[in-house]
Structures are given as C-alpha cells and as structure tokens.
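Note sheet for the following structure.
The values are calculated or read from the model by the stated rules, or taken from the named source; none is laboratory data. This one's a predicted model, so the numbers in the text were calculated from it and none came from an experiment. Because the Cβ atoms are built from the backbone with ideal geometry, glycine has one as well, and the counts that use them run over all protein chains shown.
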Amino acid sequence: MSRKISGHRFRISLLIFTLILSAYLFMHSSIFKVERIEVQGNDKVSREEALALSGLDQGINIFELDGDLSSKAIENHPMVKKAEIVRQLPRTLVIKITERQIWAVIPYRGVFLCIDDTGVCFDKLNNTLINNYPIITMDLMPEYVNLGQAVNNQATDMVRQVWQAIPDGDRQKLSEFHYVNKENTLKIYTINGTEIRFGNLERLEEKGKTLTQVIQIEDNFKKQGKDVLEYIDMRFKGEPVVKTRI
C-alpha cells in the first residue's frame with residue numbers, strides 16, 4: 001500500500017516539475033522576444049530619448065525586463081511626470097508617458113521657470129504667454145534651479161490651493177502671487193494694482209469669497225473711472241482692513 005502511495009506521489013511530483021519546466025521554457029522561448037516598442041503620450045520628449053533612458057531594446061525577452069526600473073529611468077527626464085511600461089503579448093512593449101504641463105511660471109534671472117502642479121521646474125523660457133498661468137514670485141529664491149528640481153514646495157502648494165479656491169472668472173483679474181518666505185504667507189496683486197494681504201491658508205474659503213468681493217469692487221470703481229484701493233488686509237479674523245488711496 002505504501003509503495004502505491006509513494007509511486008503516486010512521485011508521478012504527481014514529476015508531472016508538476018514537467019509543467020513548471022515547460023512553462024519556463026515556453027516563457028523564455030523566441031516567441032516572447034520583443035519585436036516592437038511603441039512610445040505613447042510623448043510630445044516634447046522624443047521617442048529616441050525615451051528609448052535611450054528606458055534601456056529597452058528589441059530582442060529582449062518580454063518577461064525578463066524590469067518595467068519599474070525602466071519607468072523610473074524615463075522619469076529622470078525633467079519633462080516626464082510619469083512613465084509606465086506595458087507588455088502586450090507576445091512581442092510588443094508600450095512606453096506610456098505623461099509629460100509635465102505648465103501650471104505656473106516663476107520669473108527668475110531674466111527667464112520664466114515653467115513649473116507643473118507639483119512645483120517641479122521642467123523648462124526655462126525667455127518669453128511665454130503667461131496670461132493663462134499664475135505668476136509666482138518669492139522673497140528668496142534658490143541660487144540655482146535645475147530642470148527636474150522642485151523650486152519651493154511650500155510656496156507652490158500654497159498658491160495652488162488658493163488658485164483652486166478662486167472662481168475661474170476671477171483668476172484672470174490677478175497679476176501675481178508673492179510668497180513671503182519668512183512668514184510662509186501670500187500677497188496677491190490684482191491687475192489694477194491692489195495689494196491683497198492674504199496671509200496663510202487659514203479660513204481659505206472665507207478669504208476666497210472676500211477676494212471675489214474685492215475684484216467686484218475694483219470692477220465697479222473702474223467703471224466709474226476711479227482707482228482708489230491700495231490694499232486689503234485679510235490676514236486676521238473679522239472684517240478685512242481696507243486702505244484707499246484717497
């Protein structure tokens with residue numbers, strides 16, 4: 001009886017071993033050698049750059065490549081926000097790229113630093129159409145700003161949250177977001193020259209509504225041919241402090 005059981009176990013073990021070996025040989029056969037590599041989602045990053053950074057090449061076995069390692073290598077490019085390697089069996093690889101998009105610009109030493117919504121600088125331009133993007137200035141800037149470097153996470157995150165709290169129609173009425181480094185606060189300037197002492201992110205929703213009211217007041221004054229607002233201070237609880245030029 002024990003011999004029958006032992007023989008049965010041996011046959012099962014042999015079958016399992018054979019299946020594993022067959023699967024291994026099949027997966028590492030020429031059937032799965034990569035013949036085609038596609039690059040998708042790239043606009044400013046060339047196909048050649050993506051391939052060179054990935055380290056991928058035709059002829060590699062589709063199961064042997066390290067997709068995470070290749071993705072991270074591509075993400076070293078300052079223009080790339082995210083990269084993903086997708087296997088399409090049996091012989092195709094797809095490199096999916098998400099490029100960084102301009103969210104705001106920062107004037108810096110005669111150029112504009114283009115940053116995305118995570119605060120990473122990915123391009124430097126001599127001129128750009130800045131009307132559609134927040135303009136951010138700071139008391140203190142890094143001595144050097146390299147492509148792929150986050151300029152100031154605290155500043156850009158604060159501006160982003162305030163920007164999101166402002167209605168689309170009012171955003172075009174703002175000319176600059178100035179970050180005061182030592183205080184971790186913001187000053188906002190309208191296109192009509194009014195200084196809004198916004199402060200920190202406390203009471204963000206309330207301040208956003210007040211800012212909308214300020215813009216409406218400015219518009220009314222402009223229709224009347226007046227230019228009387230100097231600054232609005234909303235840093236503290238209660239009614240904001242209003243200073244006029246008259």
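Quick notes
- For region 173-186, a residue qualifies if it is surrounded by 12 or more Cβ atoms within 10 Å (Cβ to Cβ) and in contact (Cβ under 8 Å) with a residue 40 or more places away in the chain, and the qualifying residues are Lys173, Leu174, Ser175, Glu176, Phe177, His178, Tyr179, Val180, Asn181, Thr185.
- Within region 202-227, the only residue that satisfies the criterion of being of a type in the set (A, V, I, L, M) and more than 18 Å from Ser175 (Cα to Cα) is Leu204.
- Scanning region 108-116 turns up no residue that is at pLDDT 95 or above, surrounded by 16 or more Cβ atoms within 10 Å (Cβ to Cβ), assigned by TED's automatic domain parsing to the domain that holds Gly59 and touching a strand residue (DSSP E or B) at 6+ places or on another chain (Cβ under 8 Å).
- The numbered conditions (1) crowded, with 17+ Cβ neighbours inside 10 Å; (2) under 22 Å from the mean Cα position of the chain (by Cα); (3) within 20 Å of Val241 (Cβ to Cβ) are all true for Ile166 except (3).
- Those strands (runs of 3 or more DSSP E) of region 143-246 in which 2 or more residues are modelled with pLDDT of 95 or more, at negative phi and not β-branched (Val, Ile, Thr) occupy 174-180, 185-190, 195-199.
- Residues of region 51-62 that are touching a residue at least 40 places away in the same chain (Cβ under 8 Å) and touching a helix residue (DSSP H, G or I) at 6+ places or on another chain (Cβ under 6 Å): Ser54 alone.
- Filter result for the condition that a residue is under 23 Å from the mean Cα position of the chain (by Cα), farther than 29 Å from Asp157 by Cα and modelled with pLDDT of 95 or more, over Glu49, Glu99, Glu38, Glu75: Glu49
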